[in-house]
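The values are calculated or read from the model by the stated rules, or taken from the named source; none is laboratory data. The structure presented is a predicted model; accordingly, all values stated were derived computationally and were not measured. Heads up, the Cβs are rebuilt from the backbone with ideal geometry, glycines too, and the neighbour counts pull from every protein chain shown. Each accessible area value is taken on the protein alone, full model and side chains, heavy atoms only, with ligands, DNA and RNA left out. Shrake-Rupley method; radii C 1.70, N 1.55, O 1.52, S 1.80 Å.
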Amino acid sequence: MARFQVVGATVADGSGRDPANVSVTVEDGRIAGLGPGSASGERLDADGLTMTPGLIDAHVHLGLASPIEPQFSFRLSVAELAADIFATAGSALDAGFTTVRDTGGIDGGVVSTIAKGKVRGPRVLSCGPVQCQTGGHGYYGAEWEPTELWNSHHIPGLCALSMQSGNANELRSNVREAFRRGASFLKLCVTGGVVSAHDQLTDTQFTVEEIAVAVQEAAARGTYVTVHAHNNEGIRNAIEAGVRCVEHGTDIDESTAALMADRDVALVPTFAVVEHLLRDTARTGLDESIRERVQGVRERMAGALAVAKEAGLRIGLGSDLIGPAQHRRGEELTLRANLETPMEALVAATKTNAEILGLSGEVGVLAPGAQADLVLWNGNPLEDPRLFSDPANAVVVVQAGRVVKDLR
Ligand SMILES: [Zn+2]
């Protein structure tokens, strides 16, 4: 299928413009044009369907696709972990996500195996292991475990959740190691976390000087640092050190938002994971005590989103789903649509996420020259955003001009 036209769909191109009835021509994996279309050539009939760009999830954990506590207590075989990771990659495509940014947990081998087409999955940009301070967020070992033992939970080529650094020099060697293993950006944990056994949400982690070491190493490779951060102190440390993006941002206040706007630091809020943890902690394979830490996060994160919008921040979209139930990735758009508008949720998941990933104009948009990544939705998710949640509504998914799902 080197060249074909998708005809009859209502097309929302990812820019935020009003949807229009146009034909979309795909040629050699890219979008050749949008317009009236021609009568000849191969046609994909999309009457009654709504077309959007392939969605982008800017915060995924493909490497946390199994029940979490069993994974980190050596109770699952490498075969089972690999099966869960690849099944989760396929389910992202099925939910309409053709590009994801993995914010910690897979090793480079997963990225290249999907890119070679050996298993189904979206385009993956990965930070490899998360960088955390010794015992900080991202460390899931037992308290009794010697620090050195943590890296034995890594499975070379498959998964590596985090690397611990006790000081700036260790962090420098760990981020170089992450790049060696295929990372295309870096992620540091600069505050405590919700899914964390050894810290509090109010903790800051890493010093400004330490974070700056990672920023320097990323800049040397033409890339950037994003940070896991919930509280304002940690976010301010990270901004001062020069990071480009903040994940979660649960407690962002007006002055922090103003600082982020001033330095052009993006925000990726993560609502779906919070819903999942509140609804069913056990299913993720985590201890019930995590529920207590999640209480209140949903409301605070919604408040931070409003403050960030007011400040004019670049706001992407990420589900942060963890554990075995990651098939309803589009729920993040439904949740955001309820806090904003369906169109704002779509633009966050397409155009804005592409900007955050450094892929602006390449993905997240239906425009001539872009990758032909597109989804045909049953009905109109801009009128009923609940449609985004159920993969059954992503009737056709096209990735780089190839039909990778077709329920017609
Ligand atoms: Zn995460």
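With respect to the numbered conditions (1) open to solvent by 10 Å² or more (accessible area, probe 1.4 Å); (2) within 16 Å of the ligand (Cβ to nearest atom), which one is the sole condition not fulfilled by Gln326?
With respect to (1) open to solvent by 10 Å² or more (accessible area, probe 1.4 Å); (2) within 16 Å of the ligand (Cβ to nearest atom), Gln326 is out only on (1).
Return yes when Ile239 is free of Cβ contacts under 8 Å to residues at least 60 places away in the same chain, closer than 30 Å to Gly90 by Cβ and in contact with a Leu (Cβ under 6 Å, 6 or more places away or on another chain) and no when it is not.
Taking the combined requirement at face value, the residue does not satisfy it.
Would you mind stating whether Val273 is open to solvent by 10 Å² or more (accessible area, probe 1.4 Å), within 16 Å of the ligand (Cβ to nearest atom), touching a strand residue (DSSP E or B) at 6+ places or on another chain (Cβ under 9 Å) and more than 19 Å from Gln133 (Cα to Cα)?
Yes.
Out of Ala349, Ala308, Ala392, which single residue is part of a helix (DSSP H, G or I) and surrounded by fewer than 16 Cβ atoms within 10 Å (Cβ to Cβ)?
Ala392
Only one residue in Ala238, Ala219, Ala197 is assigned to a helix (DSSP H, G or I) and within 16 Å of the ligand (Cβ to nearest atom), so which one is that?
Criteria check complete, one pass: Ala238.
Criterion first (more than 14 Å from the ligand (Cβ to nearest atom), closer than 16 Å to Asp320 by Cβ and not small (Gly, Ala, Ser)) does Leu125 satisfy it?
So Leu125 passes the test.
Taking the options Ser289, Ser319, name whichever one is surrounded by 15 or more Cβ atoms within 10 Å (Cβ to Cβ) and polar (S, T, N, Q).
Ser319
List every residue pair whose Cβ atoms sit under 6 Å apart, with the two residues 6 or more apart in sequence or on different chains, where the first one lies in the stretch 91-103 and is closer than 16 Å to Asp320 by Cα and the second, anywhere, is open to solvent by less than 10 Å² (accessible area, probe 1.4 Å) and of a type in the set (Ser, Thr, Tyr).
Qualifying pairs under 6 Å: Asp102/Ser126.
Quick one: what pairs do we get from the stretch 198-222, first residue over 12 Å from Gly136 (Cβ atoms), second of a type in the set (D, E, K, R) and open to solvent by 70 Å² or more (accessible area, probe 1.4 Å), C-beta under 9 Å, 6+ apart or different chains?
From the stretch 198-222, the pairs are Thr202/Glu233; Val208/Arg236; Val208/Glu240; Ile211/Glu240; Ala212/Glu240; Val215/Arg244; Glu217/Arg176; Ala218/Arg244.
Does any residue of the stretch 86-104 turn out to be modelled with pLDDT of 95 or more, assigned to a loop (DSSP other than H, G, I, E, B), hydroxyl-bearing (Ser, Thr, Tyr) and within 16 Å of the ligand (Cβ to nearest atom)?
yes
Name the single residue that is farthest from Gly379 (Cα to Cα) among those in the stretch 2-20 being in contact (Cβ under 8 Å) with a residue 24 or more places away in the chain and not in a loop (DSSP other than H, G, I, E, B).
Arg3
Can you tell me which residue in the stretch 113-155 is nearest to the chain's Cα centre (by Cα), limited to those that are within 22 Å of Gly364 (Cα to Cα) and of a type outside the set (A, V, I, L, M, F, W, C)?
Taking the candidates together, the pick is Ser126.
When you look at Leu382, is it open to solvent by 20 Å² or more (accessible area, probe 1.4 Å), at pLDDT 95 or above and assigned to a helix (DSSP H, G or I), yes or no?
No.
Looking only at residues in the stretch 243-270 that are in a loop (DSSP other than H, G, I, E, B) and either of a type in the set (Asp, Glu) or within 16 Å of the ligand (Cβ to nearest atom) (or both), which one is nearest to Arg314 (Cα to Cα)? Let's see the steps before the verdict.
In the first step, residues of the stretch 243-270 are kept if they are in a loop (DSSP other than H, G, I, E, B); the result is 243-244, 249-253, 263-265, 269-270.
So of that shortlist, the ones also either of a type in the set (Asp, Glu) or within 16 Å of the ligand (Cβ to nearest atom) (or both) come out as 243, 249-251, 253, 264, 269-270.
Numbers: Val243: 14, Gly249: 13, Thr250: 16, Asp251: 17, Asp253: 16, Asp264: 8, Pro269: 11, Thr270: 14 Å.
The qualifying residue nearest to Arg314 (Cα to Cα) is Asp264.
For the stretch 163-176, does any single residue satisfy the condition of being surrounded by fewer than 18 Cβ atoms within 10 Å (Cβ to Cβ) and either outside the structural domain of His59 (by TED's automatic domain parsing) or within 23 Å of the chain's Cα centre (by Cα) (or both)?
yes
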